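Below is one structure, written out as structure tokens, with a few remarks after it.
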Amino acid sequence: MRTKFLAAAALGLAVMVAACSSGSGATTAPTTAPTTAASTAPSTAAGSPAAGGAAGVSLADSKLGKILVDAQGKTLYIFTPDGTSGKSVCTDKCLASWPALTSDATPTLGTGLDAGDFASITRADTGAKQVTFYGMPLYYFAGDKAAGDTNGQGLNSKWYVIGADGKPITTTS
């Protein structure tokens, strides 16, 4: 009887651990903008900071050179039609594939990045604060499944990773 009780307790503990570890899924691609998160995903983005947290942005080495990534190493992109107009023209279906990097606070920056190069805009469609770099709104690509993926690079000749100098890297791998 004691063995059955211990086995049942162990099974219950295993189920609780599995449920807690499945959470928002660090391997899922972002799909919508959270209210205060560093990334954007429909429900919750992988690795989003706690409510009220700041987005983390750093530089990472890639096959395209040093590029901007978030705190979890997910690649960030710019959409050339946005330009430096102070607004995003990526809305609705576009935003579903290219979630905005949003944050209610100033981004936490990695080595080699200057806070003066970052700002934010208020999205007209969601009211969220989207992080900008050299005036260009930053996005994720839902097709990037893991840190370091650059599957959105060059899509439609409008989506590009961005270098530390604020310029789009337009080469493809």
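Does segment 84-96 contain any residue that is among the acidic types (Asp, Glu) and within 24 Å of ALA60 (Cβ to Cβ)? No, the conditions are met nowhere in segment 84-96. Reported count of residues in segment 137-168, each being open to solvent by 30 Å² or more (accessible area, probe 1.4 Å) and under 15 Å from PRO81 (Cα atoms), is 6. Do the conditions hold for ALA119, that is, is it open to solvent by less than 60 Å² (accessible area, probe 1.4 Å), outside any loop (DSSP other than H, G, I, E, B), among the small types (Gly, Ala, Ser) and closer than 25 Å to LYS66 by Cα? So ALA119 fits the description; yes. Looking only at segment 46-59, decide whether some residue is assigned to a loop (DSSP other than H, G, I, E, B), open to solvent by 20 Å² or more (accessible area, probe 1.4 Å), modelled with pLDDT under 95 and farther than 19 Å from THR108 by Cα. There is no residue in segment 46-59 that is assigned to a loop (DSSP other than H, G, I, E, B), open to solvent by 20 Å² or more (accessible area, probe 1.4 Å), modelled with pLDDT under 95 and farther than 19 Å from THR108 by Cα.
The values are calculated or read from the model by the stated rules, or taken from the named source; none is laboratory data. Everything numeric in this text was worked out from a predicted model, so none of it was measured. Note: ideal-geometry Cβ built from the backbone for every residue, glycine included; neighbour counts use all protein chains shown. Side chains included, ligands, DNA and RNA excluded: accessible areas come from the protein's heavy atoms. Shrake-Rupley method; radii C 1.70, N 1.55, O 1.52, S 1.80 Å.
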